[in-house]
Ligand SMILES: NC(=O)c1ccc[n+]([C@@H]2O[C@H](COP(=O)([O-])OP(=O)(O)OC[C@H]3O[C@@H](n4cnc5c(N)ncnc54)[C@H](O)[C@@H]3O)[C@@H](O)[C@H]2O)c1
């Protein structure tokens, strides 16, 4: 393990957007701790680091459990001496079975608030003292353009993302005079395991998409909503996050930046 490199903790780093952030950081020579519930994918991804790149290690983590978050911090410090990047990416779009429902159930509100915002806040608070010890530390919170716009079909989810944007701004102000920047990234439509479930929800519950495959729903939405008429890729998101954690981004803090092909205009 190289303890002198920049070291990042990526929650939800085993699949989708988190995985692409993990791979980007690793290819740039960073150490990455993947903190995820998904043991199988987490273990697979930790076997991909090579001599030329950084190191990836997996720590099974549930961001809704304080004990698990404490374990993640201890595990991170025991493997690498300088944790200077935290990516709060873990997220859910509802409780089990949400993709079959046309309305938000109480359990969907609870599950998405517990993971997407309470989990994010608890992980941040646990890691802040460690981040404050190391120079040039960075926090990036993965929000969503849905947090700016609202989503009539997923209000339980989009409201958590509005809270993530707002929390980012409060934290930025709280960290005044420190060497830590904190920003939010707002992806638009990104094809991931989560979006596949969103597509199922639309085809299961909306007349317009009856009989559509999840991917067909996604393609139709990209065509209808994205002015650049191209799908925003996982790499587009990872590249923005990488810029925000690099030392080149020193003047950015308290921002929420869209990566969405022009889907939403600030
Ligand atoms: N896909 C999109 O279009 C899109 C758009 C905007 C924002 N986002 C956000 O990006 C982030 C990643 O989403 P994705 O689309 O890659 O979804 P995904 O389902 O592929 O990945 C989410 C990851 O979070 C992990 N996770 C879930 N609950 C957890 C918990 N309690 N503790 C630890 N890990 C947990 C999952 O195991 C999974 O690996 C989420 O915050 C999501 O809300 C996604």
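Laboratory data are not the source of any read-out in this text; all were calculated from the coordinates shown. Worth saying up front: this structure is predicted, and the values here are computed from it rather than measured. A quick note on method: Cβ atoms are made from the backbone with ideal geometry, for glycine too, and the neighbour counts reach across all protein chains shown.
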Using label points projected 7 Å from each Cα along Cα→Cβ, tell me how many nm separate residue 243 and residue 77, to one decimal. 3.5 nm
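Tell me the relative contact order for the chain as a rounded percent, counting alpha carbon contacts under 8 Å between residues six or more apart.
The value is 19 percent.
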Taking a quarter of the surface of the Cα convex hull of the chain, what do you get in nm²? 13.5 nm²
I'm checking a number: the convex hull volume of the Cα atoms of region 129-188, normalised per residue, in Å³. What is it? 75 Å³
Gain in span if fully extended, residue 216 to residue 107, counting 0.36 nm per residue against the direct Cα distance: 36.4 nm
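Would you kindly state how much longer the chain becomes between residue 224 and residue 208 on full extension, computed as 0.36 nm times their sequence separation minus their alpha carbon distance, in nm to one decimal?
Values: separation 16, 0.36 × 16 = 5.76 nm, distance 1.31 nm.
Stretched out fully, the residue 224 to residue 208 stretch lengthens by 4.5 nm.
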Between residue 44 and residue 27, the two model label points (7 Å from Cα along the beta-carbon direction) sit apart by a distance in nm of 1.8 nm
Kirkwood hydrodynamic radius, computed over distinct alpha-carbon pairs, for region 68-171: how many Å, to one decimal? 14.7 Å
Using only Cα atoms, what Kirkwood radius does region 155-219 have, in angstroms? 14.2 Å
For region 179-266, what value does the Rg/Rh ratio take when both radii are computed over Cα atoms and Rh is the Kirkwood radius, given to two decimals? 1.08
Whole-number D in µm²/s for region 1-142 (Stokes-Einstein; Kirkwood sum over Cα pairs; 37 °C, 0.692 mPa s): 215 µm²/s
